[in-house]
Amino acid sequence: MAISLRKARTIIRKALDKGREMDLKPLSVVVLDAGGHVQAFEREDGAAPGRFAIAHGKAYGAVMLGMAGTAQMNRAEDQAYFMAAVNGVYGGQVIPVPGGVLLRDKKGAVIGAVGVTGDTSDNDAVAALNGIEAAGLTGEI
């Protein structure tokens with residue numbers, strides 16, 4: 001199953017809604033397909049222009065490694081050399097922190113990833129999960 005543009009837009013809309021509900025700083029949200037390609041992206045008014053690269057890096061690391069942002073952060077803390085090597089392989093595009101959420105279908109297959117940035121990494125992950133669940137999918141933080 002591939003992630004449709006409609007579902008990607010739902011994820012983004014509901015993640016941004018959650019950010020406003022929680023009174024978070026302006027968020028940026030990207031949805032990637034299983035190959036790491038951008039399906040959709042939005043940056044709220046007031047979010048820094050460089051936030052695309054951060055949101056993308058969170059999601060890209062998740063989908064390319066099959067490992068959510070929290071697991072990547074733990075791996076980076078335990079084996080910094082591994083994450084440094086991975087980041088070298090992927091041209092410095094991996095940002096191993098929460099807010100990079102694996103996107104799974106109902107059978108558990110990875111169909112992409114969501115990257116959210118703008119507030120704390122933990123709050124970013126909460127916003128991402130809200131969007132993912134609203135789209136009827138499962139997120140792994």
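The values are calculated or read from the model by the stated rules, or taken from the named source; none is laboratory data. Quick caveat, the model's predicted, so the values are computed rather than measured. FYI the Cβ positions are ideal-geometry reconstructions off the backbone, even for glycines, and counts take in every protein chain you see. With ligands, DNA and RNA removed, areas are computed over all heavy atoms of the protein, side chains included. Shrake-Rupley method; radii C 1.70, N 1.55, O 1.52, S 1.80 Å.
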Original post:
What about Asp124, is it open to solvent by 50 Å² or more (accessible area, probe 1.4 Å), of a type in the set (Asp, Glu) and farther than 18 Å from Leu5 by Cβ?
Top reply: no
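Rundown of residues vs (1) in contact (Cβ under 8 Å) with a residue 60 or more places away in the chain; (2) touching a strand residue (DSSP E or B) at 6+ places or on another chain (Cβ under 9 Å); (3) among the charged types (D, E, K, R), yes/no style:
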| position | (1), (2), (3) |
| --- | --- |
| Ile3 | yes, yes, no |
| Arg9 | no, yes, yes |
| Ile12 | yes, yes, no |
| Asp23 | no, no, yes |
Original post:
How many residues does segment 62-95 contain that are of a type outside the set (S, T, N, Q) and within 19 Å of Val31 (Cβ to Cβ)?
Top reply: 11
Original post:
Mind checking which residues of segment 34-47 are open to solvent by 40 Å² or more (accessible area, probe 1.4 Å) and touching a residue at least 60 places away in the same chain (Cβ under 8 Å)?
Top reply: Ala34, Gln39
Subject >> Filter pass, Gln93 being in contact with a Pro (Cβ under 6 Å, 6 or more places away or on another chain) and either farther than 17 Å from Ala8 by Cβ or among the small types (Gly, Ala, Ser) (or both) >> reply: no
**OP:** Looking for whichever is at pLDDT below 95 and hydrophobic (A, V, I, L, M, F, W, C) here; the options are Ala2, Ala34, Ala15, Ala8. Which one fits?
**Re:** Ala2
**OP:** Report, by residue number, each residue of segment 111-124 that is among the hydrophobic types (A, V, I, L, M, F, W, C) and in contact with a helix residue (DSSP H, G or I) (Cβ under 7 Å, 6 or more places away or on another chain).
**Re:** Ala113, Val114, Val116
Original post:
In this structure, does Arg104 turn out to be in contact with a Ser or Thr (Cβ under 9 Å, 6 or more places away or on another chain) and open to solvent by 20 Å² or more (accessible area, probe 1.4 Å)?
Top reply: yes
**OP:** Please go through segment 60-97 and pick out each residue that is closer than 17 Å to Gly35 by Cβ and either modelled with pLDDT under 95 or open to solvent by 60 Å² or more (accessible area, probe 1.4 Å) (or both).
**Re:** Val89, Gly91, Gln93
